[in-house]
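We did not get these values from a lab; they are worked out from the coordinates using the rules stated. Note that this is a predicted model, so its numbers are computed, not measured. Here the Cβ is made from the backbone with ideal geometry for all residues, glycine too, and neighbour counts use every protein chain on show.
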Amino acid sequence: MADETFRSGYISIIGRPNVGKSTLLNLLVGKKIAIITEKPQTTRNRILGVKNLPSAQMIFLDTPGIHKPSKMMNKIMVKTALNATSDMDIVVFMAEVRKKIHPEDLFILKNLGRVKAPVVLVMNKCDILPKHSDIDIKELTQRYQSLLEFTKTFWISALLGTSVDDMVTSLVEMLPEGPQYFPDGMTTDLSEEFVLSEIVREKAMILTRQELPYSTGVIVEQIKEVGDDEKKHVRIHATIYVERKSHKMMVIGKGGKMLKEIGTLARKEMEAMLGIKVFLDLFVKVKEKWTENEAMLRRMHI
């Protein structure tokens, strides 16, 4: 007789900035719920993603990259990430393939020594291995294992999906028997406003490349459905917050060109997400040291 046991549980994904945690979460859930850019510290919040399987429900928590914090915002981000290791059924420590262990990985591993849940090692970006013949997989794994006793080790490519299905199968086997915590079809607990604001922030970060500091925030001020059935659309008002006037000029661009491009890309993704025509009104405001302002951080759910 087939095993009809239903398994469920919470799985925290932690690691230093830019190792691919958000890419993995989006792949696992099957839709984009976490924004992705080449800039470190893109994820600022605890992002919950639900993966429903016939005999299991996996609840993943993507966390901000753990790094040495300076500003209040960064300190909150790191605290959020470290707190996400508490009361978990499994903790996934995600690192990237590189010849030497990163100092920030050492800091994280030191903190993971106190975790009661089983900790698995996920080495991401294995798709780059053909270009780096000097990386010995076995030796690198042993070095990590010497720092912390991992329950299991997986070598994957979150970008290409390589070996991710095998990892999921193993993680399900590690989960305890449990109920279905979230209904079918639910993939995240994030509010619509938050997801829409993150879409705008992602486009601003991507289009401005390295010019705009990561201390850029977005608040969706209003979402309003207007029009009749034939011409129904959603009007969204969002404000992009920066800390300096020079940053504001970067976001607006010459003749407003940059802001228009940000709005166009964001609007298209919003329409795909909402399934309805979107009119997006974007504004840019300077709020000095907003990353040190508790009220502003709360408004941005940080």
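With +1 on the Cβ of every Lys and Arg and -1 on the Cβ of every Asp and Glu, and nothing else charged, how large is the dipole of the chain about its Cα centre, in debye rounded to the nearest 20? Don't skip to the answer; put the middle values down first.
Numbers: 45 positive and 38 negative charges, 338 e Å.
Taking the Cα centre of the chain as origin, the dipole is about 1620 debye.
Which of the residue pairs LYS231/LYS260; LYS51/LYS152; LYS203/LYS289; LYS125/LYS277 have a Cα-Cα distance greater than 26 Å in the structure shown?
Those over the limit are LYS125/LYS277.
Compute the FRET efficiency between MET186 and LYS254 as 1/(1 + (r/R0)^6), taking r as their Cβ-Cβ distance and R0 = 35 Å, and round to the nearest 0.05.
0.20
Roughly how big is the range 192-299's charge dipole about its Cα centre, with Cβ charges of +1 (Lys, Arg) and -1 (Asp, Glu), in debye to the nearest 20?
So the magnitude is around 540 debye.
Give the shape of the range 149-204 as rounded, prolate or oblate, defined through the alpha-carbon gyration tensor: a ≥ b ≥ c are the square roots of its eigenvalues, a/c under 1.5 means rounded, and otherwise the shape is prolate if a/b is larger than b/c and oblate if not.
oblate
Can you tell me the order of 249-259, 18-28 when each peptide is scored by its average per-residue count of other Cβ atoms within 10 angstrom, highest first?
Taking the mean over residues of other Cβ atoms within 10 Å, the ranking is 18-28, 249-259.
Treating cross-link reach as a plain straight distance, find the aspartates and glutamates whose alpha-carbon is under 17 Å from the alpha-carbon of LYS138, omitting any fewer than eight places away in the same chain.
Once the sequence-local aspartates and glutamates are set aside, what remains near LYS138 is GLU96, ASP127, GLU149.
Can you tell me what share of the DSSP beta bridges in the chain is antiparallel? A percent to the nearest 5 is fine.
40
If the elastic network links every pair of Cα atoms under 10 Å, which of GLY185, GLY113, GLY49 fluctuates the most in the Gaussian network model of the chain?
Evaluated over the chain, the most mobile residue of the options is GLY185.
Quickly estimate the mean residue ellipticity at 222 nm for the chain, helices only: each DSSP H run with n ≥ 4 gives -39500 (n - 2.57), and the total goes over all residues, rounded to 500.
Taken over the chain, the calculation gives -10500 deg cm²/dmol.
When DSSP assigns beta bridges and you keep just the ones with both residues in the range 192-299, what percent turn out antiparallel, to the nearest 5?
Counting only bridges with both partners in the range 192-299, antiparallel ones make up about 45 percent.
Could you work out the pair-distance distribution P(r) of the chain from its alpha-carbon pairs, with 10 angstrom bin width and percents rounded to whole numbers?
Bins of 10 Å from zero give 6, 25, 31, 24, 12, 2, 0 percent of pairs.
How high is the FRET efficiency from LYS138 to SER55, r the C-beta distance, R0 41 Å, rounded to 0.05?
Numbers: r = 33 Å, r/R0 = 0.81.
With R0 = 41 Å, the Cβ-Cβ based efficiency is 0.80.
Kindly express, to the nearest 10 degrees and within the range 0 to 90, the angle between helix 137-147's C-alpha long axis and the longest C-alpha principal axis of the chain.
The angle comes out at about 90 degrees.
Mind running the shape call on the range 143-236? Use the C-alpha gyration tensor, a ≥ b ≥ c as the square roots of the eigenvalues: rounded below 1.5 for a/c, prolate if a/b tops b/c, oblate otherwise.
It comes out oblate by the Cα gyration axes.
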